[in-house]
Amino acid sequence: MFSPNFSQMDWSISWDESYLNAYKEVFRALCLIPILHYVIAFMVIWVVFLYNFLEFHFFQDFFSGFRGAPVALTFHPTSHIYHGVVSKCKILHGRYLATPWLSSPHFQTTFLNFFGNPPAFSYRRQLFHASDGGTIALDWLTSSDISRGAFEVNHTISKEDTTPLVVVIPGLTSDSTSSYIKHLAFGLAKHGWNVVVSNHRGLGGVSITSDCFYNAGWTEDARVVIDYLHHQYPKAPLFAIGTSIGANILVKYLGEDREKVPVAGAVAICSPWDLLIGDRFICRRLLQKLYDRALTIGLQGYAKLHEPRYSRLANWEGIKKSRSIRDFDNFATCLVGKFETVDTYYRRSTSTPYVLNVSVPLLCISALDDPVCTREAIPWDECRANKNIVLATIKHGGHLAFFEGITGSRLWWVRATDEFLGVLHSSSHMHKKKTEITEQKASIESSIDQGPYVNVGEDGMVAAVGSAHAGNKSVEHFTGLGSIQDKTVLGTEQTQQQTEAKSDVAGSGGEVSGECSSLQRIKCFDVIAASKRWLNHLLFRKNGKSVWLLVYIAIITSWPILGSALRIFSRKKKLRNFSAATSHRR
């Protein structure tokens with residue numbers, strides 16, 4: 001009765017024993033394999049994992065013969081910036097090959113931040129004070145500092161200097177001492193341009209002096225600094241370069257002010273474009289979370305430098321406990337900047353909605369493997385729709401890195417930026433401020449009946465004073481010409497005309513005053529006025545030279561006598577012609 005059950009149990013037991021015997025045999029076979037083979041196999045698997053995890057592209061470069069990847073350009077088909085400027089840039093039409101031992105975006109980005117091989121030089125610092133009491137450190141590097149091979153503390157730039165001036169806006173928690181900023185500044189100064197790095201508030205070793213902090217969408221500091229530099233050096237073409245968050249700020253500023261910006265051209269490097277997409281991206285994978293954490297530590301260090309104000313304006317305990325950029329923005333940026341939520345701050349600070357409004361020649365450079373600013377946020381269609389923008393995307397490069405060469409001593413985007421700005425500067429496609437064009441036309445038209453007059457102040461300084469009427473307001477423009485000892489005030493045009501009228505009566509003796517018609521008077525005054533305008537124009541062209549100033553004063557003061565002599569001569573000639581005509585009639 002129970003025999004079938006016993007046979008089934010015997011069969012299952014024998015089956016389990018066969019499994020165990022098979023595993024034992026496999027284990028004995030595995031034990032026969034040398035341990036070194038296991039180590040090699042483990043290393044191969046680990047290398048393959050890291051190769052894919054760290055996004056290496058060494059073998060791709062190897063099998064392509066280390067030719068690099070071509071630069072992809074996105075632009076409007078009728079873009080005058082592309083056809084007139086970018087089409088002449090050899091670097092942008094070439095290929096980019098990353099340094100072989102840095103053939104990973106993560107290796108490039110990490111190496112840039114910890115090493116970077118920056119050139120050695122010193123800046124000249126200028127403190128700029130904003131209207132709200134904030135302090136911005138402007139660090140200068142001029143072309144003469146590089147060409148002479150030494151830093152000159154007393155070297156200043158003349159207001160009449162025409163050397164191109166480049167304003168650099170750094171990235172998040174970066175300043176003028178960052179490796180990539182020093183690469184950029186040195187490259188442009190070596191090219192013969194003057195560079196000024198506009199550090200964010202509270203960075204560059206400068207304390208926060210107001211309750212206003214910078215953020216990813218704060219464009220006011222860039223606006224006031226650029227306007228200041230434009231008015232301080234009006235003859236120097238002004239260019240702007242933004243990197244990372246600085247690029248987002250720059251593009252947003254250009255889109256906000258449109259034609260009114262005094263910038264001749266701009267470059268945006270590795271812009272995050274859409275901060276909301278960037279926030280979702282940077283917490284998606286393990287590596288991105290590491291970058292998020294690293295940037296958060298940098299922001300916490302920035303906050304600690306200005307703890308008294310942050311502890312008063314923000315949630316200091318929340319700042320210290322922040323584990324991501326979003327946490328920091330929630331406990332600090334939103335409270336200081338009066339944003340309702342973090343997403344509200346990201347939406348309002350994003351530069352993508354302003355791309356179509358950019359009226360300045362703009363080159364945008366981004367890497368498709370950027371581990372911080374994702375390619376998903378790049379506004380391809382907006383860049384293609386704007387004729388003023390050319391978007392250059394590179395397959396590899398990392399974030400603000402783009403190392404090239406065996407030694408990794410150069411950054412590709414620095415060379416590309418230098419070439420683009422150089423070609424743009426030598427072309428006719430530089431942007432001119434719309435109000436400037438209107439003012440130039442108005443000055444040409446007003447020069448017909450208005451001219452500068454000499455005015456000597458109490459300090460002995462001679463200045464040319466011109467009146468430009470705008471509606472019911474009169475704006476006076478002063479141009480210093482030099483210093484003299486004579487404090488005589490050579491009055492206005494009305495005084496000069498009165499003097500000429502008196503000399504006219506005295507010179508003619510009243511004999512022929514009735515015979516000089518009003519038309520002749522107008523012609524005579526026209527000749528004098530035209531001569532004065534010619535001398536005024538000549539004086540301004542030779543501004544700063546006292547010999548022309550003395551000649552100008554001498555001729556202006558002697559015009560009444562010369563004018564009277566000319567009138568007497570013309571009237572005598574008129575009388576002779578009249579006498580001849582009368583005798584002929586007789």
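The values are calculated or read from the model by the stated rules, or taken from the named source; none is laboratory data. Note that this is a predicted model, so its numbers are computed, not measured. In this analysis, Cβ positions are derived from the backbone assuming ideal geometry, glycine residues included, and neighbour counts consider all displayed protein chains. Side chains included, ligands, DNA and RNA excluded: accessible areas come from the protein's heavy atoms. Shrake-Rupley method; radii C 1.70, N 1.55, O 1.52, S 1.80 Å.
Among the residues of segment 69-111, which ones are in a loop (DSSP other than H, G, I, E, B), open to solvent by less than 10 Å² (accessible area, probe 1.4 Å) and either without any contact (Cβ under 8 Å) to a residue 12 or more places away in the chain or out of contact with any Gly (no Cβ under 6 Å at 6 or more places or on another chain) (or both)?
Ser79, Val85, Cys89, Leu92, Ala98, Ser103, Ser104
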task = Report whether or not Phe402 is crowded, with 23+ Cβ neighbours inside 10 Å and over 16 Å from the mean Cα position of the chain (by Cα).
result = yes
task = Kindly indicate whether any position in segment 174-196 is open to solvent by less than 10 Å² (accessible area, probe 1.4 Å) and under 24 Å from Gly337 (Cβ atoms).
result = no
task = From (1) surrounded by fewer than 22 Cβ atoms within 10 Å (Cβ to Cβ); (2) under 24 Å from Asn194 (Cα atoms); (3) touching a residue at least 60 places away in the same chain (Cβ under 8 Å), pick out the condition that doesn't hold for Asp211.
result = (2)
request  = Test each condition in (1) out of contact with any Pro (no Cβ under 8 Å at 6 or more places or on another chain); (2) part of a helix (DSSP H, G or I); (3) under 28 Å from Ser359 (Cβ atoms); (4) in contact (Cβ under 8 Å) with a residue 12 or more places away in the chain for Ile146 and report the one that comes out false.
outcome  = (3)
message = For segment 349-370, give me each residue that is more than 29 Å from Phe339 (Cα to Cα) and touching a Pro at 6+ places or on another chain (Cβ under 8 Å).
response = Ala367, Asp369
query = Looking at Ala314, is it small (Gly, Ala, Ser) and over 27 Å from the mean Cα position of the chain (by Cα)?
reply = yes
query = Looking at this structure, is Asp161 open to solvent by 30 Å² or more (accessible area, probe 1.4 Å), of a type outside the set (Gly, Ala, Ser), within 12 Å of the chain's Cα centre (by Cα) and at negative phi?
reply = no
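Residue under question is Phe328, and the condition is that it be more than 26 Å from the chain's Cα centre (by Cα), closer than 22 Å to Leu250 by Cβ and either open to solvent by less than 60 Å² (accessible area, probe 1.4 Å) or at pLDDT below 95 (or both); does it hold?
no
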key: Scope segment 337-357; condition β-branched (Val, Ile, Thr) and surrounded by fewer than 16 Cβ atoms within 10 Å (Cβ to Cβ); matching residues   = Thr341, Thr344
key: Condition met for Gln126 (open to solvent by less than 50 Å² (accessible area, probe 1.4 Å), under 27 Å from Ser174 (Cα atoms) and part of a helix (DSSP H, G or I))   = no
ask   = Within segment 249-290, can you find the residues that are within 22 Å of Cys334 (Cβ to Cβ) and out of contact with any helix residue (DSSP H, G or I) (no Cβ under 8 Å at 6 or more places or on another chain)?
value = Arg280, Lys289
query = In segment 306-327, what residues are in a loop (DSSP other than H, G, I, E, B), more than 23 Å from Thr135 (Cα to Cα) and of a type outside the set (Gly, Ala, Ser)?
reply = Asn315, Lys321, Arg323
message = Which pairs turn up if I take residues in segment 352-364 that are closer than 15 Å to Leu391 by Cβ and look for partners that are among the polar types (S, T, N, Q) and in a helix (DSSP H, G or I) with beta carbon separation below 8 Å, at least 6 apart in sequence or on another chain?
response = Leu363/Thr417
message = Restricting to segment 245-262, name every residue that is touching a residue at least 40 places away in the same chain (Cβ under 8 Å) and surrounded by 24 or more Cβ atoms within 10 Å (Cβ to Cβ).
response = Ile245, Gly246, Ala247, Asn248, Ile249, Leu250, Val251, Lys252, Leu254, Val261
query = For segment 305-328, does any single residue satisfy the condition of being touching a Ser or Thr at 6+ places or on another chain (Cβ under 6 Å) and among the acidic types (Asp, Glu)?
reply = no
task = Name, by its number, the condition in (1) within 21 Å of Tyr96 (Cα to Cα); (2) open to solvent by 30 Å² or more (accessible area, probe 1.4 Å); (3) among the charged types (D, E, K, R) that does not hold for Asp370.
result = (2)
Residue tally, condition within 41 Å of the chain's Cα centre (by Cα), surrounded by 11 or more Cβ atoms within 10 Å (Cβ to Cβ), free of Cβ contacts under 8 Å to residues at least 60 places away in the same chain and in a helix (DSSP H, G or I), over segment 34-57 = 2
request  = List the helices (runs of 4 or more DSSP H) that sit entirely inside segment 334-403 and contain at least 3 residues that are under 21 Å from Ala416 (Cβ atoms) and of a type outside the set (Ser, Thr, Tyr).
outcome  = 380-385
